[in-house]
């Protein structure tokens, strides 16, 4: 199922970008969460043939996911997914982990500005994070 494949992309991407990060959920909880994302949010998948290699999801003005399998980073797929979400919602907000330098560079290159820095007390992983916003040009 697409939701399971998307969850695998999510977990693989996070593990590669953030070695040792806490993962406070069980497989059953992850499965229920991703099915909820598919049911309630705008979701876009990147495919290589029939294989899911990337996922982007948006809940209102919040970009809730943008993950690629590590082998697919740097190929323009993330930008394509982001552009698809921006076509629906040109003003976006998101959180990313502070130590995820690659994600931070990606968002900054694509017009996002860091507007808040957290100490990790506001997320389940207890990782310092950064809130980014992107507003459309007037």
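The values are calculated or read from the model by the stated rules, or taken from the named source; none is laboratory data. Treat the numbers as computed from the prediction; the structure is a model and nothing was measured. Cβ placement follows ideal geometry from the backbone for every residue including glycine, while neighbour counts extend to all protein chains displayed.
Couple of notes before you dig in:
- Considering 103, 71, 51, 46, the condition of being touching a helix residue (DSSP H, G or I) at 6+ places or on another chain (Cβ under 8 Å) and within 19 Å of residue 18 (Cα to Cα) is satisfied by 103 alone.
- Unique residue being within 21 Å of residue 15 (Cα to Cα), at pLDDT 95 or above and within 14 Å of the chain's Cα centre (by Cα) when the list is 45, 92: 45
- Every pair of residues 6+ apart whose Cβ atoms lie under 9 Å, when the first sits in segment 80-106 and is free of Cβ contacts under 8 Å to residues at least 12 places away in the same chain while the second is in a helix (DSSP H, G or I): 101/17
- Residue ranges of strands (runs of 3 or more DSSP E) in segment 1-76 with at least 2 members in contact with a strand residue (DSSP E or B) (Cβ under 7 Å, 6 or more places away or on another chain), loosely packed, with under 15 Cβ neighbours inside 10 Å and without any contact (Cβ under 8 Å) to a residue 12 or more places away in the chain: none
- Residues located in segment 117-138, provided they are at pLDDT below 95, out of contact with any helix residue (DSSP H, G or I) (no Cβ under 9 Å at 6 or more places or on another chain) and farther than 16 Å from residue 99 by Cα: 135, 137, 138
- Residue match in segment 107-116 (condition: at pLDDT 95 or above, within 20 Å of residue 14 (Cβ to Cβ), buried (at least 18 other Cβ atoms within 10 Å of the Cβ) and under 13 Å from the mean Cα position of the chain (by Cα)): yes
- Flag set for residue 135, criterion: in contact (Cβ under 8 Å) with a residue 24 or more places away in the chain and either over 15 Å from the mean Cα position of the chain (by Cα) or closer than 17 Å to residue 14 by Cβ (or both).
- For residue 117, the stated conditions hold: it is farther than 15 Å from residue 5 by Cβ and touching a strand residue (DSSP E or B) at 6+ places or on another chain (Cβ under 6 Å).
- Just one of the numbered conditions (1) modelled with pLDDT under 95; (2) surrounded by 15 or more Cβ atoms within 10 Å (Cβ to Cβ) is not true of residue 82: (1).
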